[in-house]
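K.L.:
Quick one: structure below, then a few questions.
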Amino acid sequence: MLLKKAILVLAVVSLLAIDAVPAAASAPYDSYTYNYYEDGVRIPAPFLPDRSVSGADLGVGDFVDPNDMYVTVDGQIYILDSGNRRIISLDKNWRLIREIAVFDNNGKEDGFANPGGIFVTEDKRIYVADTERQRIVVLTNEGDLVNIIENPASDILPRDFKFVPLKVTVDKANRVFVVVRGVFEGLMQFDENGAFIGYVGTINLTQNLWDKMWRLVATDAQKRQMRLYIPTEFVSVDIDQKGFVYSTNIDLETQKPVKRLNPSGQDVLKRFGRHPVVGDVRYRIFGNNAGPSKLVDIKVLGDGMYTVLDSFRGRLFTYNDEGELLYVFGGKGTQLGTFKTPVAVERVGDKLAVLDRGKNSIAVFKPTAFGRSVHQAVRLQYNGNDAESVKMWKEALRMNANYDIAYIGIGKAMLMEKKNKEALEYFKLGMQRKYYSVAYKRYRREVMKEYFGTFLTVLMAAVAALAAFRLTKRGRTRRAERREAGLY
Amino acid sequence: MKQDFIKFPLHVILRPFDGFWDMKYEAKGKMRVALSVLFLVVITMILQKQYAGFLVNFNDPRYLNSLNDLQYIVLPFFLWCIANWSITTLMEGEGNFKEIVMASAYAMAPLILIYLPTTFLSRFMAAEETAFYYLLNSIAVIWFLFLLFVGIMTVHQYTAAKTVLTMVLSVVAMGIIVFLGTLAYSMIMQMYWFVIDIYRELIFRA
């Protein structure tokens with residue numbers, strides 16, 4: 001009887017144990033990162049799907065083709081429900097605050113037409129890129145009109161210039177950066193009064209040798225038939241705390257689809273990772289699902305980290321400030337946590353929210369223990385707190401011993417603390433040759449300093465011993481010679 | 001022993017014109033020395049791939065296979081010898097097959113002499129110093145090619161231009177041999193499967 005009970009208890013316990021395993025691996029997508037050899041290496045999911053938020057869930061009716069969303073630092077959420085021509089404003093617990101569909105424009109009722117982008121400043125000014133009405137509408141948080149930016153005029157703009165804004169971002173000085181359709185010169189920049197200042201972040205073009213040779217031999221008629229060499233347009237912008245503009249563009253040939261523009265418009269993104277910042281580095285060339293990532297949105301997560309959204313395969317790529325890939329997750333599908341047509345990614349506290357135009361809903365992801373420790377480690381390291389970051393990296397390594405970034409992170413911390421020998425080991429594990437060399441040089445000097453004295457003493461002693469031996473030997477032979485000569 | 005294995009190979013690589021002459025006409029070269037050199041080159045390459053310093057070692061350890069090194073050195077070596085022999089026989093070369101093997105093998109001695117120390121030294125190099133590693137290894141290869149050139153020239157009693165020509169032709173011949181080999185292999189496999197299929201057909205029908 002007792003035995004039976006024991007077996008029953010055991011069976012129940014084992015059932016519980018079985019249940020626990022799939023719960024831990026319930027992500028409907030693969031999470032991975034790239035190792036030194038460009039192989040995708042699976043990692044524990046950094047984020048797991050938390051919930052899905054649709055218009056019906058919020059009690060405002062279904063979204064229709066939402067194009068963009070924005071979340072302020074204090075967690076207020078703004079969804080640009082383009083098909084319904086409205087902005088939905090939520091608090092950080094996803095409760096409805098208000099809907100903005102119409103605003104008062106000099107006594108007349110005015111509204112949006114298929115708006116493409118939204119941005120909200122720290123003092124809660126709402127900037128909407130009202131694409132079809134060819135203007136940028138600036139509203140207060142309550143929905144009252146502040147300003148309208150339209151019809152930019154400048155000598156460098158053609159007379160029949162069509163201003164079709166797609167995305168918008170605003171820096172601390174209220175300068176407005178706009179992604180405009182059909183503009184290849186860069187982002188359009190406006191001052192705080194809405195006057196056009198100029199372009200920033202022009203995408204440079206380089207013709208390859210083959211194309212140049214073809215153009216050389218082609219006739220004029222053939223040249224007219226050829227593809228025009230124009231740079232691609234930007235597709236999204238975001239701005240970080242320091243006022244640097246992050247942007248993405250979809251160009252299937254460039255190695256630099258992600259940019260970080262300094263105030264004078266130069267690209268200053270650090271690309272010190274072992275792979276370029278392009279999303280997927282290994283993909284099929286032909287057939288199904290072939291081609292590079294299409295990075296349609298970028299979100300600065302703070303502490304140097306940023307996430308880019310690939311709408312082609314529905315994946316999110318997170319990089320640190322050095323341009324090293326931290327992790328990739330997400331995928332296409334119909335389950336919670338997979339996407340149909342993802343268009344925007346935002347950060348809500350420590351969670352991530354992805355707006356899906358195809359599903360007309362928002363997927364919210366919450367970080368796992370692994371994701372949290374990685375974030376924590378990157379944050380600590382970015383802020384110079386190396387000793388603490390080592391703890392978090394080790395925590396990440398405990399969950400994933402194949403995580404190269406963690407080894408490199410620990411190595412960097414060790415290098416800072418002058419533990420050169422340990423740093424060597426970690427850089428080797430992380431396959432980081434550049435830092436390995438630095439650590440090795442220091443370690444070598446250390447060893448030489450330590451043993452140089454001993455080495456020299458031994459050398460001198462050996463030389464002295466040899467000299468003494470020679471002298472005595474010579475003395476002995478000389479004495480022997482003299483004795484033979486009968487001098488004694 | 002010391003004369004055969006150390007003194008004479010050193011003489012050959014340092015004074016190649018004299019050395020290869022002695023090898024051919026004074027019968028100072030030994031086949032067993034040549035094969036030992038070949039074997040040592042294989043060992044050297046394996047050691048280099050395995051133990052070269054982290055900064056210069058780009059081999060993926062998951063795919064290191066010493067047997068591959070063996071077949072990628074020994075097979076091309078004999079392929080070269082056969083190709084060179086076939087070409088030079090037609091082009092009035094005076095060397096026989098044994099002499100070609102010996103000349104080619106002795107020419108590889110610098111690879112051992114330079115690769116082994118650089119492999120060891122590379123373990124104590126920082127990134128800036130790896131340039132010396134690559135420089136020395138390149139010198140080894142150039143030295144080897146020069147010795148091969150002199151060796152072939154002496155063994156066959158050719159002029160310099162003719163030597164270059166035959167060496168290029170030998171490389172072409174190597175390609176042809178590989179091509180014919182694959183062709184023959186695939187044809188034999190076809191025949192093999194044909195017989196097997198007929199056998200199976202008979203078995204199943206009976």
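K.L.:
State the dimensionless ratio Rg/Rh of segment A:116-248 (Rg: radius of gyration of Cα atoms; Rh: Kirkwood radius).
P.N.:
1.09
K.L.:
Relative to the compact globular guide of 2.2 N^0.38 Å, what is the alpha carbon radius of gyration of the protein assembly as shown, as a ratio?
P.N.:
1.39
K.L.:
Counting only residues 5 or more places away or on other chains, whose amide H sits under 5 Å from the amide H of residue B:123 once H atoms are built in the peptide plane?
P.N.:
Here the answer is B:53, since their amide H atoms fall under 5 Å of that of residue B:123.
K.L.:
Here's something else I'd like to know. Report, by chain and number, residues whose modeled amide H sits under 5 Å from the one on residue A:315, excluding near sequence neighbours (fewer than 5 apart, same chain).
P.N.:
A:310
K.L.:
Treating cross-link reach as a plain straight distance, find the aspartates and glutamates whose alpha-carbon is under 14 Å from the alpha-carbon of residue B:162, omitting any fewer than eight places away in the same chain.
P.N.:
Output for residue B:162: B:92, B:94.
K.L.:
Taking amide hydrogens as modeled 1.01 Å from N in the peptide plane, which residues meet the under 5 Å criterion relative to residue A:344, leaving out close sequence neighbours?
P.N.:
Those lying under 5 Å, H to H, from residue A:344 are A:355.
K.L.:
If you don't mind, there's one more thing I want to ask. Which order results if A:112, A:339 are arranged by neighbouring Cβ count within 10 Å, fewest first?
P.N.:
Ranked by crowding around the Cβ, least crowded first: A:112, A:339.
K.L.:
Whole-Hz Karplus ³J(HN,Hα) for segment B:82-93, in order, using 6.51 cos²θ - 1.76 cosθ + 1.60 and θ = phi - 60°, x for Gly and Pro?
P.N.:
With coefficients 6.51, -1.76 and 1.60, one gets 5, 4, 5, 4, 4, 5, 6, 4, 6, 10, 6, x Hz.
K.L.:
Which angle between 0 and 90 degrees, to the nearest 10, do you get for helix B:31-51 versus the longest principal axis of chain B when only C-alpha atoms count?
P.N.:
Helix B:31-51 sits roughly 90 degrees off the main axis of chain B.
K.L.:
Then there is this: Within segment A:266-360, list the trypsin sites (Lys or Arg not before Pro) lying in a DSSP loop whose Cβ has at most 14 other Cβ atoms in a 10 Å radius.
P.N.:
Filter output for segment A:266-360: A:270, A:282, A:284.
K.L.:
Two decimals, Cα atoms only, Kirkwood Rh: what is Rg/Rh over chain B?
P.N.:
1.11
K.L.:
Take B:23, B:1, B:167 and order them by how many other Cβ atoms sit within 10 Å, fewest up front.
P.N.:
Listing B:23, B:1, B:167 from fewest to most nearby Cβ atoms yields B:1, B:167, B:23.
K.L.:
Under a straight-distance cross-link criterion of Cα-Cα below 27 Å, which lysines are reachable from residue A:449, leaving out those fewer than 8 residues away in the same chain?
P.N.:
Cα-Cα hits under 27 Å: A:412, A:418, A:419, A:421, A:428, A:434, A:441.
K.L.:
Run the numbers on segment B:2-205 and let me know its relative contact order in percent, using alpha-carbon pairs under 8 Å that are six or more apart.
P.N.:
Averaging sequence separation for qualifying contacts and normalising by length gives 28 percent for segment B:2-205.
K.L.:
Mind ordering A:320-331, A:73-84 by average Cβ neighbours within 10 Å, highest first?
P.N.:
Top to bottom by mean Cβ count within 10 Å: A:320-331, A:73-84.
K.L.:
On to the next question. With each label point set 7 Å from Cα along the Cα-Cβ vector, what nm distance links residue A:91 and residue A:108?
P.N.:
Each label point lies 7 Å from its Cα, and together they span 3.7 nm.
K.L.:
Are there GluC sites (Glu not before Pro) in segment B:45-142 that DSSP marks as loop and that have at most 14 other Cβ atoms within 10 Å, and which are they?
P.N.:
B:92, B:94
K.L.:
Out of all Cα-Cα pairs in segment B:91-136, roughly what percent, to the nearest whole number, are more than 13 Å apart?
P.N.:
For segment B:91-136, the fraction of Cα-Cα distances above 13 Å is 66 percent.
K.L.:
Give me the extension gain from residue A:132 to residue A:484: residue separation times 0.36 nm, minus the current Cα-Cα distance, reported in nm with one decimal.
P.N.:
Here the answer is 114.7 nm.
K.L.:
Kindly rank A:29-42, A:409-422 from highest to lowest mean number of other beta carbons found within 10 Å of each residue.
P.N.:
Final packing ranking: A:409-422, A:29-42.
K.L.:
Give me a single rounded figure for A:42-52: the average over its residues of other chain Cβ atoms within 10 Å of their Cβ.
P.N.:
Mean inter-chain Cβ contacts per residue within 10 Å come to 0.
K.L.:
What Kirkwood hydrodynamic radius, in Å, does segment A:45-118 give when the mean of 1/r is taken over all pairs of distinct Cα atoms and then inverted?
P.N.:
13.3
K.L.:
Evaluate the distance, in nm, between pseudo-label points positioned 7 Å from the Cα of residue B:183 and of residue A:399 along their respective Cα→Cβ axes.
P.N.:
6.1
K.L.:
A further question follows. How much length is gained on full extension from residue B:139 to residue B:176, taking 0.36 nm per residue of separation minus their Cα-Cα distance?
P.N.:
Residue separation times 0.36 nm, minus the Cα-Cα distance, leaves 10.3 nm.
K.L.:
Let me ask something additional. How would you order A:235-248, B:47-60 from highest to lowest mean count of nearby Cβ atoms within 10 Å?
P.N.:
Going from most to least packed, we get A:235-248, B:47-60.
K.L.:
With respect to the cross-link table entries A:242/A:299; A:162/A:332; A:167/A:242; A:256/A:391; A:270/A:294, which display a Cα-Cα separation exceeding 26 Å?
P.N.:
A:162/A:332; A:256/A:391
K.L.:
Provide B:202, B:169 in ascending order of the number of other Cβ atoms located within 10 Å of each residue's Cβ, fewest first.
P.N.:
Lowest count first: B:202, B:169.
K.L.:
Continuing with the same structure: Could you name the lysines in cross-link range of residue A:212, using Cα to Cα under 21 Å and dropping any fewer than eight places away on the same chain?
P.N.:
Output for residue A:212: A:223.
K.L.:
Next question, about the same structure. Going by the alpha-carbon gyration tensor, a ≥ b ≥ c the square roots of its eigenvalues, is segment A:28-367 rounded (a/c under 1.5) or, if a/c is not under 1.5, prolate (a/b greater than b/c) versus oblate?
P.N.:
oblate
Each reported figure results from applying straightforward, stated rules to the coordinates on display, with no laboratory input. No experiment lies behind these values; they were computed from the predicted model shown. Quick reminder, even Gly has a Cβ in these numbers, built from the backbone with ideal geometry, and neighbours come from all protein chains shown.
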